[in-house]
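The next block holds one structure in the form of structure tokens; read it before the comments.
The values are calculated or read from the model by the stated rules, or taken from the named source; none is laboratory data. Note that the coordinates shown come from a computational prediction; the quantities given were computed from them, not determined experimentally. Here the Cβ is made from the backbone with ideal geometry for all residues, glycine too, and neighbour counts use every protein chain on show. For the accessible areas, the whole protein counts, side chains as well, though only heavy atoms, and no ligand, DNA or RNA atoms are used. Shrake-Rupley method; radii C 1.70, N 1.55, O 1.52, S 1.80 Å.
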Amino acid sequence: MSIRTMRYLGDPVLRMKCSPVKEITPGVLSLIDEMAEIMYDIPGIGLAAPQIGVNKRVIIFDIGEGLEVLINPEIISREDELESQEGCLSIPDRELLVKRAQKITVRALNKEGEKKTFAFEGLIARVVQHEIDHLDGRLIVDTGRPVPESEEEN
């Protein structure tokens, strides 16, 4: 059972720029396990360490293809911007329209500490950008706009 809990809009930890992970330690691996437990329990499809109060550059996501982990992720290229509805586990019951690249290339460490380059597109690209924003203290309320009533899901 997780000892950490979700942090919500208004919590100062969500506005902090996170520190890089210097090495993959048992503590970092335990953090990843705890993040996964919390994300799946809520349920969600992505989570960044600051959302559970940890100031480290770690994100996880699973859009139904298995858990993925990115440590110290950095977006190195972006293509084809699209505005779409997004929600956030730290801002429950609210969705905004947010512009994101449809295709991104990311450099990051995997949980084994290997530096890799990843190409993401579609929903995965959106989720990764959203979670990386959390690592820099940005939230969808900073960049999004309200969903017009005609576009809201009933």
Evaluate the following for Asn55: is it modelled with pLDDT of 95 or more, open to solvent by less than 50 Å² (accessible area, probe 1.4 Å) and in contact with a Cys (Cβ under 6 Å, 6 or more places away or on another chain)?
yes
Residue under question is Gly64, and the condition is that it be outside any strand (DSSP E or B), within 16 Å of the chain's Cα centre (by Cα) and under 27 Å from Glu149 (Cβ atoms); does it hold?
no
Going by the conditions given, is Pro43 in contact (Cβ under 8 Å) with a residue 40 or more places away in the chain and not in a strand (DSSP E or B)?
no
From the list Gly64, Gly137, Gly122, exactly one residue is in contact with a helix residue (DSSP H, G or I) (Cβ under 8 Å, 6 or more places away or on another chain) and at positive phi. Which is it?
Gly137
Please verify whether the range 77-96 includes one or more residues that are within 21 Å of Leu123 (Cβ to Cβ), among the acidic types (Asp, Glu) and in contact (Cβ under 8 Å) with a residue 40 or more places away in the chain.
yes
